[in-house]
């Protein structure tokens, strides 16, 4: 799941820049920022996701495949980027950022309450990101799962596991940090602001200890549909430690750099729209 990277407005205090200029200009900004941020972070995420699938299929070790992917990206960037896989990865994050940006823009211009604003953003981005990620993972498993992988159908159980992984990621990125921050600050170990920042950074990364095995199990059910429980445990454990580390590293561009870049471009773009086309946006629901 990709984080939006943008801060939500306080109740009854919408962003001034979104109150001026036509809505279509702001949505163009939202789309441009989403695509730019996605183009920037997708290469690194693609390298890790592809390497995990190849390692899970027994083609090579995970970090060796990551090294091969990095080498190809550096020495042959045109070859690496002019692929269906890169287009799909870019589409996943562009769609996620765009959903978050446009929902935020509309909710702010229409003066929705903070509760409605947060709920709409969370539900909208979750629906878009989860569906896009599952479609991407199914396609990647067929593309990089080894010989004959593309001819097999993805088991329904794998779809369920991919969805569970995304829900866990969402929980660890939005709900769990608030719970942890409250406990940390109430213990006196940190002030509330520092506790929230710490929890927001640590929680999604730490939860990869759960998400990575779930992801690997989904791939294993596709790669070895008739394996026994013992064989699945063995195959998942073989690559789980390295995958947990790789997924933890993967969170930096997916949830950090991309979100920050998206938010910065959105803020700058909306400010330009406001200066070029001033005027108060029509009021919406209170």
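The values are calculated or read from the model by the stated rules, or taken from the named source; none is laboratory data. Bear in mind the structure is a predicted one, so any value in this text is a computation, not a measurement. Cβ placement follows ideal geometry from the backbone for every residue including glycine, while neighbour counts extend to all protein chains displayed.
Please give the number of the condition residue 156 fails out of (1) exposed (fewer than 15 other Cβ atoms within 10 Å of the Cβ); (2) within 30 Å of residue 20 (Cα to Cα).
Failed condition: (2).
Modelled with pLDDT of 95 or more, within 22 Å of the chain's Cα centre (by Cα) and surrounded by fewer than 21 Cβ atoms within 10 Å (Cβ to Cβ): does that describe residue 52?
Details: modelled with pLDDT of 95 or more: yes; within 22 Å of the chain's Cα centre (by Cα): yes; surrounded by fewer than 21 Cβ atoms within 10 Å (Cβ to Cβ): no.
No.
Can you tell me which residue within the range 128-143, out of those that are under 16 Å from the mean Cα position of the chain (by Cα) and surrounded by fewer than 16 Cβ atoms within 10 Å (Cβ to Cβ), is farthest from residue 167 (Cα to Cα)?
135
If a residue must be modelled with pLDDT under 90 and in contact with a helix residue (DSSP H, G or I) (Cβ under 8 Å, 6 or more places away or on another chain), how many such residues does the range 144-165 contain?
So the answer is 5.
Restrict the check to the range 87-94 and report whether at least one residue is without any contact (Cβ under 8 Å) to a residue 24 or more places away in the chain, surrounded by fewer than 22 Cβ atoms within 10 Å (Cβ to Cβ) and within 23 Å of the chain's Cα centre (by Cα).
Yes, because at least one residue in the range 87-94 is without any contact (Cβ under 8 Å) to a residue 24 or more places away in the chain, surrounded by fewer than 22 Cβ atoms within 10 Å (Cβ to Cβ) and within 23 Å of the chain's Cα centre (by Cα).
Looking at 84, 78, can you tell me which residue is more than 27 Å from residue 266 (Cβ to Cβ) and either under 20 Å from the mean Cα position of the chain (by Cα) or crowded, with 21+ Cβ neighbours inside 10 Å (or both)?
Numbers: 78 fails: either under 20 Å from the mean Cα position of the chain (by Cα) or crowded, with 21+ Cβ neighbours inside 10 Å (or both).
None of the other options fit; the residue is 84.
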